[in-house]
Amino acid sequence: DSHVTNWQKLAYGLFIHWGIYSKLGGVWDNQPVKEGYSEQIQMWQGISREDYLRVAEQFSAEKFDPKAICQLAKDAGMKYIVFTTKHHDGFCMFATKTTSYNIVEATPFGQDALYLLADECQKHGLKLGLYFSLVDWNQGHEFDKDNGNSIPESLEVIIKEQLKELLSNYGPIAELWFDMGAPTLDQSNAIVSLVHDYQPEAMINSRIWNNAGDFRTLSDNEIPTEDIDTVWQAPASINHATWGYRSWQQRDDFSIKLDTLIHNLIKVRAKGGNYLLNIGPRGDGSVVEYEADMLREIGAWLRRHPGI
Ligand code: JFZ
């Protein structure tokens, strides 16, 4: 299938974890939260919906610059961007009619971040993918640390409505990056056919479960040593203990990390995989300099080694 080959040719892309949690930056009650990923801080700290909404009220994202982010992705040699439209917190980073718990209605920023990013991606010739959590703490899903939650029918209805919006309002979508949750076989199949009805060429990752996806997502930061007999992608983070922004993050030595990431990219490409490397911008939308510099250095290396 040519759309599968086209997706494989995307080769290397930018994963972005950005949401209300970014504003907290891994800190609650003036304390660094050491357990769990910082994008999951609401669960790890048992933060109420009300308190979380108060954080949303401070989300003015005054430094969010989708044009600069797209330029950064291009400088890094990347061909696509995957954005967290809705993480486990259930907060929608796009305009939705399904809930007021969204960036347009519940933050002072008041704009559709996904739309702004999608628009810039098109201008820059970058493809767009959507991260979408099947766990939704805003829709009564319990704060289960293993995220083994089955999907109640009420949530299934909302997921489908949100997917229709996401697949109708933002142009062509190269991939759907589902995450967590425990759909039944029927639910996996229903979601896959909905996605393909709206966008036949959108590639769906294996975290839709039940072998219903179009490509396999490896474990986070897994670099395979054996050949993989299917279409696949390796998601990776620059900081190993979090995807979302963490203000107190200890950064590894820059050149050692750069060396590791370039090696991993080569290993993934050599085995035919797609490498998806994450950044976690701050709550104000700015990209952490260490991460931006890392991406630019990878891009500079790639330009010195054409053909990778
Ligand atoms: C999930 C999320 O829970 C996390 O917050 C982040 O968005 C990450 C990209 O995806 O975490 C996972 C999911 C699966 C594995 C590891 C972390 N896995 O299969 O190894």
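All of the numbers you see were taken from the coordinates with simple rules; none came from a lab. Worth saying up front: this structure is predicted, and the values here are computed from it rather than measured. For neighbour counting, all protein chains shown are included, and Cβ atoms are generated from backbone atoms with ideal geometry for every residue, glycine included.
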For this session: Would you list, by chain and number, the aspartates and glutamates whose Cα falls below 17 Å from the Cα of residue 97, excluding same-chain residues fewer than 8 positions away?
Result: 105, 112, 136, 156, 161, 165
For this session: Kindly flag which residue pairs out of 23/86; 79/123; 9/267; 79/145; 127/271; 145/271 have an alpha-carbon separation exceeding 24 Å in this structure.
Result: 79/145; 145/271
Seminar exercise, completed: Taking every other residue with Cβ under 15 Å from the Cβ of residue 52 and scoring Lys and Arg +1, Asp and Glu -1, one gets -4
For this session: Could you please state, rounded to a whole Å, how far the C-alpha centre of segment 174-220 is from the C-alpha centre of segment 68-126?
Result: 20 Å
Seminar exercise, completed: Taking Rh as the Kirkwood radius computed over alpha-carbon pairs of the chain and applying Stokes-Einstein at 4 °C with viscosity 1.567 mPa s, one gets a diffusion coefficient in µm² s⁻¹ of 67 µm²/s
Exercise. Which value at 222 nm does the chain reach when only helices count, each DSSP H run of 4 or more adding -39,500 (n - 2.57), with the total divided by all residues and rounded to the nearest 500 deg cm²/dmol?
Worked result: -11000 deg cm²/dmol
For this session: Compute the FRET efficiency between residue 97 and residue 260 as 1/(1 + (r/R0)^6), taking r as their Cβ-Cβ distance and R0 = 51 Å, and round to the nearest 0.05.
Result: 0.70
Exercise. What is segment 21-149's relative contact order, in percent, from Cα pairs under 8 angstrom and six or more apart in sequence?
Worked result: 24 percent
Problem set entry | Relative contact order, percent, segment 184-304 [alpha-carbon distance under 8 Å, six or more residues apart] | 20 percent
Problem set entry | Prolate/oblate/rounded call for segment 177-217, Cα gyration tensor, a/c under 1.5 rounded | oblate
Problem set entry | Percentage relative contact order, the chain, counting C-alpha pairs under 8 Å, at least six apart | 25 percent
Exercise. To one decimal place, what Kirkwood hydrodynamic radius in Å is obtained for segment 1-102 from all pairs of distinct Cα atoms?
Worked result: 15.7 Å
